[in-house]
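The values are calculated or read from the model by the stated rules, or taken from the named source; none is laboratory data. Just so it is clear, the model here is predicted, and its values are computed rather than measured. Backbone-built Cβ (ideal geometry, glycine too); neighbour counts: all protein chains shown. What goes into the accessible areas is simple: the full protein's heavy atoms, side chains included, and nothing from ligands, DNA or RNA. Shrake-Rupley method; radii C 1.70, N 1.55, O 1.52, S 1.80 Å.
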Amino acid sequence: MSMRDITLVGNLTREFEYKALSDTSVVANGSMAVNSRQRDPKTGEWSDGDPHFFNLAVWGEVQADNVCESFDTGCRVIVHGQVQMKTVTDEDG
C-alpha cells in the first residue's frame with residue numbers, strides 16, 4: 001500500500017456520515033465522483049470521460065463536524081489529501 005498527495009474536483013455522491021471511533025478519534029466518511037474532460041483535437045469540442053469514484057475520510061472532530069454540517073449530496077467540492085492505493089485480487093484472480 002502506498003500514499004500519494006492528490007487534489008480532486010468533483011461532486012459528492014453521498015453525504016458525510018459522522019463516526020466517533022473512540023473518546024479521541026472522530027471521522028466523517030463520504031464519497032465523490034470526478035469526471036475527466038477531453039477535447040477532440042479535430043473538432044475542438046469537449047466531452048466527458050468515464051467517472052471515477054473516491055471514498056473520502058475526514059479526520060478530527062472539528063473537521064468532521066464541519067463537513068457534515070456544510071455539504072450535501074451533489075455539492076461541488078475540491079478535495080486535497082492523501083490517497084491510499086490498494087491492489088485487490090478478486091475470486092477470478
Number of positions in region 39-51 that are in a strand (DSSP E or B) and open to solvent by 100 Å² or more (accessible area, probe 1.4 Å): 3
Lone unmet requirement of (1) in contact (Cβ under 8 Å) with a residue 24 or more places away in the chain; (2) in a helix (DSSP H, G or I); (3) β-branched (V, I, T) for I78: (2)
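How many residues are exposed (fewer than 10 other Cβ atoms within 10 Å of the Cβ) and either more than 21 Å from the chain's Cα centre (by Cα) or not in a loop (DSSP other than H, G, I, E, B) (or both) if we restrict to region 1-38?
8
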Lone unmet requirement of (1) over 14 Å from the mean Cα position of the chain (by Cα); (2) surrounded by 14 or more Cβ atoms within 10 Å (Cβ to Cβ) for V79: (1)
Output for region 52-66, where each listed residue is surrounded by 13 or more Cβ atoms within 10 Å (Cβ to Cβ) and either hydroxyl-bearing (S, T, Y) or in contact with a strand residue (DSSP E or B) (Cβ under 6 Å, 6 or more places away or on another chain) (or both): F54, L56, A57, V58, E61, A64
Matching residues, region 81-93, being in contact (Cβ under 8 Å) with a residue 40 or more places away in the chain and over 16 Å from H52 (Cβ atoms): Q82
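Which of the following residues is over 14 Å from V9 (Cα atoms) and among the small types (G, A, S): G60, G74?
Working: G74 fails: over 14 Å from V9 (Cα atoms).
None of the others qualify; the one that does is G60.
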Test for V77: is it of a type outside the set (K, R) and out of contact with any strand residue (DSSP E or B) (no Cβ under 8 Å at 6 or more places or on another chain): no
Some residue of region 84-91 being of a type in the set (S, T, Y) and at pLDDT below 95: yes
Contacts under 7 angstrom Cβ, first residue in region 35-51 being of a type in the set (S, T, Y), partner surrounded by 10 or more Cβ atoms within 10 Å (Cβ to Cβ), 6 or more apart: S36/G49; S47/Q38
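For region 53-75, enumerate the residues that are polar (S, T, N, Q) and not in a loop (DSSP other than H, G, I, E, B). Talk me through it step by step, then tell me what you get.
The first filter runs over region 53-75 and keeps only residues polar (S, T, N, Q), leaving 55, 63, 66, 70, 73.
N55, Q63, N66, S70 - these are the residues of region 53-75 that are polar (S, T, N, Q) and not in a loop (DSSP other than H, G, I, E, B).
Residues of region 34-51 being of a type in the set (V, I, T) and touching a strand residue (DSSP E or B) at 6+ places or on another chain (Cβ under 8 Å), which ones? Give the steps one after another, and end with the answer.
Step one: filter region 34-51 for residues of a type in the set (V, I, T), giving 34, 43.
The one that is of a type in the set (V, I, T) and touching a strand residue (DSSP E or B) at 6+ places or on another chain (Cβ under 8 Å): V34.
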